[in-house]
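Data block below; observations after.
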Amino acid sequence: MPNDKDVVRLHHMLDHSREAVTIAANRTQADLATDRMFELALVRLVEIIGEAASRVSPETQTLYP
């Protein structure tokens, strides 16, 4: 069972990944190359997901690879 901090981090990862999927819906790779705001938004969301993932405890990472 993940500890409380890990649960919060996992929820952040899930929430921000869902947000990334939502803003990327019906967009193309060309949009990513030409729309700076779209690019920055996706990059920021992925940064948040990565930061949260890096702080999940090794025990929880083993339970939920």
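All of the numbers you see were taken from the coordinates with simple rules; none came from a lab. Keep in mind the model is a prediction, meaning the values are calculated, not measured. Note: ideal-geometry Cβ built from the backbone for every residue, glycine included; neighbour counts use all protein chains shown.
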What is the angle, in °, between the Cα long axis of helix 36-54 and the longest principal axis of the Cα atoms in the chain? Nearest 10 is fine, range 0 to 90.
10
Where the only charges are on Cβ atoms (+1 Lys, Arg; -1 Asp, Glu), what is the dipole of segment 4-58 about its Cα centre, to the nearest 20 debye?
40
Taking a label point 7 Å from the Cα of S57 along the Cα→Cβ vector, which residues of segment 1-22 have an amide N closer than 11 Å to it?
1-7
Any idea what angle helix 4-24 forms with the longest principal axis of the chain, computed on alpha-carbon atoms, 0 to 90 degrees, nearest 10?
20
Between the DSSP loop rule and a limit of at most 14 other Cβ atoms within 10 Å, which trypsin sites (Lys or Arg not before Pro) in the chain are left?
R27, R55
